[in-house]
Each structure stands twice: as C-alpha cells, then as structure tokens.
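Colleague: Got a structure here, written out as structure tokens. Questions coming.
The values are calculated or read from the model by the stated rules, or taken from the named source; none is laboratory data. Since this is a predicted model, take the numbers as computed values, not measurements. Every residue, glycine as well, gets a Cβ built from its backbone with ideal geometry; the counts of neighbours run over all protein chains shown. Surface accessibility is based on the protein's heavy atoms, side chains included, excluding ligands, DNA and RNA. Shrake-Rupley method; radii C 1.70, N 1.55, O 1.52, S 1.80 Å.
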Amino acid sequence: MNPYVLAILLSSLGLGTTLTFASSHWLLAWMGLEINTLAITPLMAQHHHPRAVEATTKYFLTQATAAAMILFASTTNAWATGEWSINDLSNPIASTMFVAALALKIGLAPVHFWMPEVLQGLDLLTGLILSTWQKLAPFALIVQTAQTIDPLLLTLLGATSTLVGGWGGLNQTQLRKILAYSSIAHMGWMIIVVQYAPQLTLIALATYITMTSATFLTLKMSLATKISTLATTWSKSPVLASTTALVLLSLGGLPPLTGFMPKWMILQELAKQGLPLIATTMALTALISLYFYLRLCYAMTLTVSPNTTNSTTPWRTQTTQVSLPLALFVVSTLGLLPVTPAILMLTA
C-alpha cells in the first residue's frame, strides 16, 4: 500500500477514536465510530484475496448495522428526553438498543458470530488493529453510559461472552480464530464489572491490549497461523517459542503473569458486591479458556514436528520485523503483576 494512503488511513483511525473519546454529543460520537469503520475497511481489503474481501464485507455490514442502531437509539432518546447528551441516556428502550449496538460493535456474545470469521480472513497486523484499537471507542461509550444501563443486561452479556469465548475456542485449529474467541471472553470480563468499578474495566482493557499485541506480534515473528505451524517454532527459535508460551499463559490469566491481575481484581470486586455465584461462574469459564491456551503451549513446546515433511523445512531466516515493540509488549505481558498496588493507586 502507498505510504501516503497508509498514513491517511492510520491518522483517520486515530481521529475517529479521539473524536468519540472527546464527544459529549451523540452525533459526534457516532461520527467518530463511522470514521473508524471507514478507515479500517481499506486496510482489511488491501491484499485483494477473496477471504480478505469477504471478511471486509462482513465487517462493514456488521458495523453499519451497529452504527444505524446507535443513531436510532440516540434519536429515540432525544425524542423522549429532549437531550442529545451522552450522559443523559434515561429512556429504557434507547439504552437497551444502545447496549445491543455496542455489543455488536465489539463482538460480545450472543452477537459475536462475525468476529472469528472476520479475523480469520485478515493478516496478523490488521487483525491486531481490529482486536485492540477498534475496541477503544465503543468501550469509551460503554464506560460513560454504564450507570444508566440495566445491570442484569450487562451481567448476562458478560457471563455469556466469557462462556462462549471459552467454549468456542476449544475446537479450533486456526490461531486467528482462537484469538477471536479469546477476545470475546476478555470483553465479557470487562463488561461484567463496568457497572461496579469502571476503573477495573479500563485496567482490564489496557492489559488485554498489551497481551493481545504481544501475542499477535510473536505469531507474526514466527509466521504462524495454524496450530500445526507452531510445532515447528521450537526448532526455528527456541527463545521465541518459550516467550510465546508464556504470553499465551498470561492471556489465560495464570499467576504470576500480568494476565492474572485484572481477573483477580474483577473476581474480588464481584465478591465485594455480593455476587459470589457470578464470580464462581466467571472463574470456571476462565478455566475453559485456559485449556485452549495450554493446548497451544503443548503443541509449541512439548511436541516435535514430524521429520518426514515433503515441504521445505523453515529454518532461522532473517526477519524484517522491528523487534522493539514486540520486546516491550512481551515484558509488560509477563512482568506487571508485582506493580498491581501502584496501578490501583493510580486508578483510585
């Protein structure tokens, strides 16, 4: 892609998210979300592969539907209250429609079906943008309006997403689909606590973005898109293979890695709010997710690739990828648990 065009598209992505962050008016927030969608569409279709074009079409139709629902919800709310302010979402029909639209935008269950299919059709870097940056603007709106939304609806969305995210990833062999289900499960963790402690949602979102960036960049470095490809990683780069295994365990939420921090704090908050049954359900769904991360680790570190391959064996080829972002994300993914008290103090 032409570097000038790429620069325009990436700056439009930044503009759209910033516009939604800064807006207190429904139309401006909607405009920011639309700019975001229109800016990522060419990035998704840049390879001109049938799968990429199909993924782009699915994504565009889904996001257009969600945007229309947001516009309809905000118009309904303005009609009922006479206010276009985001913080004044007092009409129950409008708020339910608004939550449904944002759930569709970020891929929460039960409106998650587009997410694995779209992510599977993209390359790893565009998939990284879709899984991280594209979540920011809708989450800003969810955090702003969380107190006016029905708590039962948010709890149901969160619990269903963690269950579907764990369950759906069990039978997958494609790494991008596994990461899509991982994304759905993490979104569920963030949604369930947003009504009680929005700062925990932001901490969980920041750690999710860090861990997912580290995962996508390590997979891009090792050129892996299937579980069977992971088995050859150990012979190519033992250090990268062991790092990837640790990053995946961090995504699963194992202590003493960073991924344990948001899960631990969210479970603690749910118990404080007198919801031990929901906290137990969330912890059990995290175990289902952990299984498929362990399956990836097993394929990568404890199995040897068959020696009688008919294809050329990949060896230690020089990579052109910049390794500094990868190093920073990996260090953050593996070592932030000890600074939990400091993070809590900053967000209090």
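Colleague: If you take every residue apart from Val99 with its C-beta less than 11 Å away from the C-beta of Val99, what net charge results, scoring Lys and Arg +1 and Asp and Glu -1?
Modeller: Neighbour charge sum, excluding Val99 itself: 0.
Colleague: Applying a 10 Å radius around every beta-carbon, put 244-254, 74-84 in order of their mean neighbour count, most first.
Modeller: Averaged packing, sorted descending, gives the order 244-254, 74-84.
Colleague: Based on DSSP H runs of at least 4 residues, each adding -39500 (n - 2.57), what is the mean residue ellipticity at 222 nm of the chain after dividing by all its residues, to the nearest 500 deg cm²/dmol?
Modeller: Rounded to the nearest 500, it is -24000 deg cm²/dmol.
Colleague: What accessible area per residue comes out for region 1-146, rounded to a whole number of Å², with a 1.4 Å probe? Intermediate results must be reported in sequence, preceding the final value.
Modeller: Working: 6140 Å² over 146 residues.
On a per-residue basis, 42 Å².
Colleague: Hey, any idea what % of region 1-146's accessible area is carbon plus sulfur with a 1.4 Å probe?
Modeller: Of all accessible area on region 1-146, carbon and sulfur atoms account for 73 percent.
Colleague: Take every Cα pair under 8 Å in the chain that's 6+ residues apart, average their separations, divide by the length, and report that relative contact order as a whole percent.
Modeller: For the chain, the relative contact order is 15 percent.
Colleague: Taking only C-alpha pairs under 8 Å that are 6+ residues apart, what is the relative contact order of region 9-96 in percent?
Modeller: Relative contact order of region 9-96: 26 percent.
Colleague: Please compare each pair in Lys177/Lys226; Lys135/Lys263; Lys58/Lys263 to a cut-off of 21 Å on the Cα-Cα distance and tell me which ones are over it.
Modeller: Correct reply: Lys58/Lys263.
Colleague: Rounded to the nearest 20 debye, what is the charge dipole size of the chain about its Cα centre when +1 sits on each Lys and Arg Cβ and -1 on each Asp and Glu Cβ? Could the numbers behind the result be given before it?
Modeller: Working: 13 positive and 8 negative charges, 194 e Å.
Value, rounded to 20: 940 debye.
Colleague: List the DSSP H helices in the chain whose Cα atoms stretch 30 Å or more along the helix axis and whose mean Kyte-Doolittle hydropathy is at least 1.0.
Modeller: Counting only whole DSSP H runs, the qualifying helices are 198-221, 276-301.
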